[in-house]
Structures are given as structure tokens and as C-alpha cells.
Amino acid sequence: MSMRYVSTRGGAAPVGLSGAIAAGLAPDGGLYVPETMPRIGLPPLDGYLSGTAQRMLEPFFEGDPLADDLPAICAEAFAFPAPRRELRIEGAHLLELFHGPTAAFKDFGARFLAACLTRLRRDTARPLTILVATSGDTGAAVGAAFHGLPGVRVAILYPDNRVSPRQAHQLGSFGGNVRALRVEGSFDDCQRLVKEALGDTALQADVPMSSANSISLGRLLPQMAYFGHASLHAGERMNTIVPTGNLGNAVACLWAREIGLPIGEVSFACNANETLPEFFAGRPYRARDAIPTIANAMDVGAPSNFERLRHLFGDDAATRLNGHAESVDDAAIRDTIHRHAASDGEVFCPHTATGIRVFERKRLAGDRSGWTIAATAHPAKFDTIVEPLIGRRVEVPAALAAMLARDASAEPMAVDGRVFADWLRGW
Ligand SMILES: *Cc1c(COP(=O)(O)O)cnc(C)c1O
């Protein structure tokens, strides 16, 4: 029996896994989800993360042309660990998702998607061009994942002067088949340029293109694996706090629980963008513009995976019973980073700090259970925020240091679809 994928909006024909990954968005504007959630037996305890990933993802690949390649895809994507370690904070564990080349959890999803897309390429005479608009972390992860792979190339579009200096350096450091464009506009302008180019059939005929958007199943599915792997080693059902923006990581955690991994409660930590906390407090879902915070990778007012969350549980009421979301503002993030560095020596990135704060609120409210907090990025990535708060330097992980040591350059790009199309044709 092969697994089929349907749209959250119910208006598109079911497709296989490869079709869903290649398409990104379903034709009715919805997001692809499995037609039925599989249930699996528990993977063996003694294996590596890549082995757990393979066991968890087998039913999702069943009957697809990519199924035979799943072991190789997992080996390529899960080439670094995601350790769960005890914190020097009683009752709390940290699930460190930042040991990849760009020091954020997005490395796992980006590498998995790259491994899938390079195998799905049909037109072998011409390269496949991946377009990615980024406000920081996504572009670097996608660039690193595709860098040096044959038959593919990546154009990263980011808003000039609106990403951190280290982020800008990372984005421009690849060279070769990965080029960075600093767009004279906002993140929304970058996204619009990408959307227009992908929807331009004449341009598609000249330059075969695809996207590495965060709604892609090829990025969501692999994110189930590290939650599942960690839960197998937790010794009890693993209650999990997930710092959340577009709900990609959080939905992956809930899917892992749904297929049978021993994950307990799942709590979403948000920054000052309150769309989800308001919804879980009982008010109707209301998307809005994002407001800027120091946890900028979570600056989202309309979480793109909300449709998948509601689809999983059926309706608003059932969704509220299965989750919980809290907002942590910039002052609380700063206080959390400063206080832990001073008291127990733990240093967190601003996104991870939202999760730590939610844990502390649970303790204050009398919750005595154990919790695992997902650490979504390494604090060295956000040195300009973290270092003044802790009063010392944050040591830079080796992979990130290597990337920062390379030369970096980005090309300027106007917010003009025709200029961008010409640039693509001329590459
Ligand atoms: C992308 C990102 C998030 C938010 O993840 P979602 O899957 O969009 O909820 C949190 N922290 C960091 C560091 C990120 O890069």
C-alpha cells in the first residue's frame, strides 16, 4: 500500500510523496498531509539518529520511487547528532538541534529536502534552480545543504541591511552553485520576487525552478525524527516545549507523537507575536502582521503550518485540547538569558530562551513533571544580542567558525520581477 498525500483544504487530487515534495504547495493553496497517519512500532533504542529517522519515515515513503533511497537520504541528512542533555535547571532537559553547519535546527530539514530534490530531478540536461527567500536562518541552511551538489543551484534572496551581520556573512559565504542576492527591500519583497518567478511559465521553460519553502513536506517530515529519537531515550513520556514561529517544528513533534513515539504534552513557546497564544486561550484564530522581536526567526503573525495543526485534530476545540501556547516578550527573553548565564552558566539563544521561560512558568505554577526544551539555534549565531546580556564572548562552534572565516559577497538586486528574471536567465 503506498502512502498518499492530500491537501489540508481538500480540493486537490491525492499525490504520492515525490509529487508532494516536488510541488511544495498543493494546487488548491493548501498544504500536503498524509491521507492517514501511520502507526509504527517503537524503533530500536540502540541505533543512531539516522536509523531512527529511517524507521519513523518508512511508512511515509512506502510505494514511492524515493523509498529505496530512504536509507541514503537519512544518512546524508542526519550526519550530525541531536543530543538531549540534562540542564543545570532541575527537571529540565535540552534537546540540542544546533550541531549542523549553520547552527540551527533548519539544517536537518534543508539537508533532507536537498537529498530528495537532487534525486527527483527529471531534466538532467539543465540544472534545477532552487529559489529561497529568507529573513536569516532558512537561507543559510538551504545554501549549506545544496552547496556543491551536482545538477542544482540556489539563489538566496534576503532583505539588505535587515539580517544580522553574522547572518549576512553566512548567506554570502557559499559561492559556486549558491549565490546570494541582497534585495533593496523587505522580506515580503523577497518572497514576492520568488513567488512571481516560480509562477512565470515562460521563465520556468527557460530556467527549471523549485522552492525550498518551509511548508515543504521534505523539510517537515525529517523534523519528526529528532523528537522521536530523544523520546526513546527519555525513560518516560517526553513532555516537550517547542519554540515556535511557523509551527514547522511543533507540528513535526506532534506527528511523531501521533505515529506512536512516547511523547507526552507539547507546549509552544512564542515570542511577542500572539496569534497562537490567543488561539489556545480560546479566542478565534486571527492571522496578523508580524512584529519584530529579538527572537527574529519566530517573528510570524500567520503561522503557515497552522492548517496542518488543525487538520491533525479536526477542529478548533480538539486542537486546543492537544496543545498549549504562551507568549514571551523581549524583556522576559533578555532576563532569562542574563539570569541563567549568571546563576548556572547555561547560555541560550533568544529563541531557546522563550522555551526556558515557559518551563519556568510551569514550575512556578506548581508543575513538577519533567520537560524537554528544544534548543533551536546556538547562541553564537545571535552574538550581538546574547553577548551584551551575559557580559562575555560566546564560543563559536567549529562549523560556524569555518563558514564565518570564508570570504563573503552578495549581489544587489532591485525589487523588480523583470530584472530578477533576466538575472536568472543570464546565470
Ligand atoms: C525557524 C526557527 C524557529 C521557528 O521554527 P518554526 O518551525 O517556524 O516554528 C525557531 N528558532 C530558530 C532559531 C529558527 O531558526
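The values are calculated or read from the model by the stated rules, or taken from the named source; none is laboratory data. Predicted model, so just to flag it, every value in this text is computed and none were measured. Quick reminder, even Gly has a Cβ in these numbers, built from the backbone with ideal geometry, and neighbours come from all protein chains shown. Accessible surface is based on the protein model in full, side chains and every heavy atom, while ligands, DNA and RNA are left aside. Shrake-Rupley method; radii C 1.70, N 1.55, O 1.52, S 1.80 Å.
Just need a number here: residues in the range 391-420 that are closer than 13 Å to A380 by Cα and β-branched (V, I, T). Total satisfying the criteria: 2.
Considering only residues in the range 15-70 that are open to solvent by 50 Å² or more (accessible area, probe 1.4 Å) and under 20 Å from the mean Cα position of the chain (by Cα), the one that is farthest from F112 (Cα to Cα) turns out to be L25. Taken over the range 365-393, the criterion of being more than 14 Å from the ligand (Cβ to nearest atom), out of contact with any Lys or Arg (no Cβ under 7 Å at 6 or more places or on another chain) and closer than 12 Å to I337 by Cα is satisfied by P388, I390, G391.
Out of H93, H99, one residue alone is in a strand (DSSP E or B) and open to solvent by 20 Å² or more (accessible area, probe 1.4 Å). It is H93. Of L31, L17, L45, all but one fail to be farther than 24 Å from P101 by Cα, in contact with a Lys or Arg (Cβ under 6 Å, 6 or more places away or on another chain) and aliphatic (A, V, I, L, M); the exception is L31. State yes or no: is N273 within 16 Å of the ligand (Cβ to nearest atom) and in a loop (DSSP other than H, G, I, E, B)? Against the criterion (within 16 Å of the ligand (Cβ to nearest atom) and in a loop (DSSP other than H, G, I, E, B)), N273 qualifies. Scan the range 293-326 residue by residue and report those that are part of a loop (DSSP other than H, G, I, E, B), closer than 15 Å to T354 by Cβ and without any contact (Cβ under 8 Å) to a residue 60 or more places away in the chain. Passing the criteria: T293, A295, V300, P303, H324.
Consider the range 206-240 and keep the residues that are open to solvent by less than 20 Å² (accessible area, probe 1.4 Å), part of a loop (DSSP other than H, G, I, E, B) and within 18 Å of A20 (Cβ to Cβ). The one that is modelled with the lowest pLDDT is I215. Taking the numbered list (1) modelled with pLDDT of 95 or more; (2) open to solvent by 10 Å² or more (accessible area, probe 1.4 Å) in turn, T124 passes all entries but (1). Screening F187, F174 for residues that are surrounded by fewer than 24 Cβ atoms within 10 Å (Cβ to Cβ), among the aromatic types (F, W, Y) and within 16 Å of the ligand (Cβ to nearest atom) leaves exactly one candidate, F187.
For every residue, the table says whether it meets (1) open to solvent by 60 Å² or more (accessible area, probe 1.4 Å); (2) within 14 Å of the ligand (Cβ to nearest atom); (3) out of contact with any strand residue (DSSP E or B) (no Cβ under 7 Å at 6 or more places or on another chain).
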| position | (1), (2), (3) |
| --- | --- |
| A290 | no, yes, yes |
| M298 | no, yes, no |
| G301 | no, yes, yes |
| T319 | no, no, yes |
| H324 | yes, no, no |
| A342 | yes, no, yes |
